[in-house]
1. Within region B:98-126, track down each residue that is farther than 21 Å from B:Phe507 by Cβ and within 13 Å of chain A (Cβ to nearest Cβ).
2. Only one of these conditions is not met by B:Arg377: (1) more than 14 Å from every other protein chain (Cβ to nearest Cβ); (2) in contact with a helix residue (DSSP H, G or I) (Cβ under 7 Å, 6 or more places away or on another chain); (3) of a type in the set (D, E, K, R). Which number is it?
3. With respect to A:Ile144, determine if the residue is of a type in the set (Val, Ile, Thr), buried (at least 19 other Cβ atoms within 10 Å of the Cβ), closer than 29 Å to B:Lys512 by Cβ and facing another protein chain (nearest Cβ under 9 Å).
4. Report whether or not B:Leu729 is open to solvent by less than 50 Å² (accessible area, probe 1.4 Å) and at pLDDT below 85.
5. Hey, which of the strands (runs of 3 or more DSSP E) in region A:1-102, taking only ones fully inside, have at least 2 residues that are open to solvent by 90 Å² or more (accessible area, probe 1.4 Å)?
6. Which ones in region B:51-82 are away from every other protein chain (no Cβ under 14 Å), in contact with a Leu (Cβ under 9 Å, 6 or more places away or on another chain) and either without any contact (Cβ under 8 Å) to a residue 24 or more places away in the chain or surrounded by fewer than 16 Cβ atoms within 10 Å (Cβ to Cβ) (or both)?
7. Starting from region B:299-310, keep only residues that are under 9 Å from B:Thr191 (Cβ atoms) and open to solvent by 60 Å² or more (accessible area, probe 1.4 Å), then list their pairs with residues that are among the β-branched types (Val, Ile, Thr) and part of a helix (DSSP H, G or I) whose Cβ atoms are within a distance under 6 Å, requiring at least 6 positions of separation or different chains.
8. Could you pull out the residue among B:Gln717, B:Gln738 that is of a type outside the set (Val, Ile, Thr) and at pLDDT below 85?
Amino acid sequence: MITYIDGPEIKITENDGIFIDAEFFHTGEKLTGLEVHRLFPMSGGNKYLVLLDEDGEQKAVIRNADNLMPESKKVVLRALDEYYMMPRITRITKMTEKFLIWMWSVETDRGPITFEIRNHLASVKPLYDGRVLIKDANDNRYEIPDLKKLDIKSQRLIGPKL
Amino acid sequence: MGKIITNLPLPDKIAAEVDKLFKDDEHLVNLVGDLTLKRRYGSSVIVFGKKGLYYFGDIEAEPKYVPYADIKEATVKRMYGSAYFSVEKKDGKKQKLIRFTYAAASVAEACAEFINNIAENGYKEEYLYGIENTVFHLRSFCPKCGRKLPNPEAECINCKGKGKMISKFSGYAKPYTGKLIACMILSIFTTAMSLVPPYITGYMVDNVLPNKNLGMLYKTILILLCVYILQYTVTAFRSYLLRLTGDKIVFGLKKDIYEKAQFLPLSFYDKTSTGSVINRINSDTSAIQNFVLKVTQEAVVQLFTLVGILIIMLSLNWKLTLFSLVPIPIVAIIGKVFGKKIGPMYMRLWRRSSAISGLLTDTIPSVRIIKAFTNERAAVKNFDSYCDEWMKEDTKVSKITGIFPAAMTFLVTCGTLIIWFSGGNYIINGVNGFSIGLLVSFVSYASMFYNPVNFFANFSDTYRNTVASAEKILDILDAEPEHDFGQGNIPDRIEGKIEFKNVNFSFDRSKKVLSNINLSIEPGDVVGIVGTTGSGKSTLINLIMRYYDDYDGEILIDGQNLKDIDLKYYRQQIGFVQQEPMMFKDTIFNNIAYGADRVHPESVLRAADVANAHGFISRLPDGYDTVLGERGVGLSGGEKQRVSIARAVMKNPSILILDEATAAVDSETEKLIQEAIERLIRGRTTLMIAHRLSTLRKANKIVVVDKGEIIECGTPQELLAMKGKYYRLVEIQSMGEQLLAKKAAENFE
């Protein structure tokens, strides 16, 4: 059965990077070295976060990080930020193709990068909320948060791929 | 000093420093990452020697040294979109050395294993093989086009020969060159015929009608009739010939795509929906057919018409001809703008229509489940939303494709008005040598002249549409097929010895599904593979079936690398019984004899008998001729399972794989299937995946898989004595069975 955490019944403290320690007030249980993962990495934001022990066993599910105690929330958000890396594409500078393999040169919130896309049909997924998710040939993920907010040149480059 | 293994070239700045670092040690390996520790794109490096490593957290960082003697364990932690390399020192301190995206993760894992081996046993050269193998695997790309190759020496099918889109597709038209040339000649003939009537009309207006010459009128009308009869008879014959040729071209293309689709690896279907493959075979081939015919026929004819009319018009009156050319640049510019706009639209439209096909292939075969959940309305709603998306895109395309020809026609009409304006002025002002007949002929020729102009302006539309289709077809035609099908080694026979050596596998690079698998199975062994759902049991089987080649490490069959054995031969030696057996829409006989040529009826009867299927088949009114519906509708789960076992018996395989063969049947049927399986496994290497441990009573070896790793392996007795995971699984199941038996007894009383 899933143990849900609504907010103040848990105290979360920092361990190391993506790892956190948790104290459950209702049971008195103290766990160390837990990982916090999103159950809905694409759509859920900071809601429904699962706490896993080092064997990957689920310990609890936090319904909404916003309802945690401020210190705990800070630790959880820091751990999530450390664990999840989906660079946001802010500009598409170049797209070249050779033998159906495309090289995208983009600017992201983590710096410029060039990656390879082998099949646009499978790798570029426009979502209904205006976001576009991209997976490169190495299975790295990227996100365009709002297609309409990209500059005209970037929109013109990505347009045919959607 | 040997060759340094590296996943990527070292950044210049670090390369210069590294040379100075290894004075008392030997530089062996570079691991070049693509993130800084702060997770921004940049370079980070670990260089490995025999005694220790130096790491650079980013390009500006000073190198730091960690001797292997201080390291307790090195690990790579894969997260979401990135990973880091860390070491735990003997004093308990943990340290993150560098970060990288998934591009470097597999090499990093091999490096971590390298360090752990040295930390445990000291340096040995063989520890480098793992890294070498992984880097070698990573580098199996064509240096010319970057396409992934089955092995580093393999020839790239993409760059081999012509490889280009046009030449690829024109290859399909080549066998019909004669017919296409004949069609072209007939087209030129009909076009030439179509140039005659305006001339005769002009002659009638100028010479026949003003002179009231009835005899001449009848003659010219008769000539016109003959010209029309000839023109349209030839047109009809040409259309027939063209249709026939076009169909043959598209048939060849469809056949090739279907054939290619059969030989594509499962990893292709993991990423591509079957609906989209069906769409490519059906609609996209027609787009190519349309294009090939347009290029080889219409384009040539229209060009001929264009040049012919231009020559006639210039010979009639060059000034008026130049006037009539005024709209041409505007037509050409609009055509180009239109082409640019419509291309991406067609691509989007295709995606929407492909999504609808995908939805149909998903939901129509699952109609039973939809009904069981009374989800008909939701299914319709979902379909509606897909159609709405398609409709929105189609409306946009329709608008453009509607406006464009109308705009073109308007411009063409304006061209005719210019001719009327100038020609009319010539006649009214009595310009020498310009007659009413000449003007009538000129107007007719001008309107004919705009047809080819219109055609070439619209050609970009067809071209874009075709390129969109061609790209998708090439996605299948150029995809790497399952390797060496019918080309590898064919051993005399397969004894059935299976060995896994350091096998690691992931479907995508974000999560390892199998880690460090080492396993040895002797010929004739009956091996039970147990583990919880999602532990990696079926993936293990998928690798033995060689559905995926993309793993690190080695799988040996009778001591020979699995990848060196001919795939076709190898799969023929394997019998595979699935949990949900697939039945084809064919007779039971053909379903049992599937894949075998010229089968003796008695061998099918014997196979059915061994599989305990003969009894129920013989009770069916149509016996072995019973035609099964889609997915075997008409048979119960247990019956389908027995037919599938009979299919495996027919194959007489050296290796037998049973994937949860009795999971979905009642205990009575299970007994029948168990009997069948026991007869089938005699003398063969058998791998059985089972949730119900009772079905593994014939197994002499048990492999327990957990989270992608083999955690226990041995005889059932050994594992029970270990009191580990297998022991717990047995305990849980026997407790469950006892409880069930107790409940059943209570109910009975």
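The values are calculated or read from the model by the stated rules, or taken from the named source; none is laboratory data. Predicted model, so just to flag it, every value in this text is computed and none were measured. So basically every Cβ, Gly included, is an ideal-geometry build from the backbone, and we count neighbours across all protein chains shown. Keep in mind that these areas ignore ligands, DNA and RNA; they rest on the heavy atoms of the full protein, side chains included. Shrake-Rupley method; radii C 1.70, N 1.55, O 1.52, S 1.80 Å.
1. Selection gives B:Arg99 alone.
2. Every condition holds for B:Arg377 apart from (2).
3. No.
4. Judged against the criteria, B:Leu729 is a match.
5. A:10-16, A:30-38, A:89-98
6. Selection gives B:Ala61, B:Lys64, B:Tyr65, B:Pro67.
7. If the second residue must be among the β-branched types (Val, Ile, Thr) and part of a helix (DSSP H, G or I), the pairs left are B:Phe304/B:Ile188; B:Phe304/B:Thr191.
8. Values: B:Gln717 fails: at pLDDT below 85.
Answer to the selection: B:Gln738.
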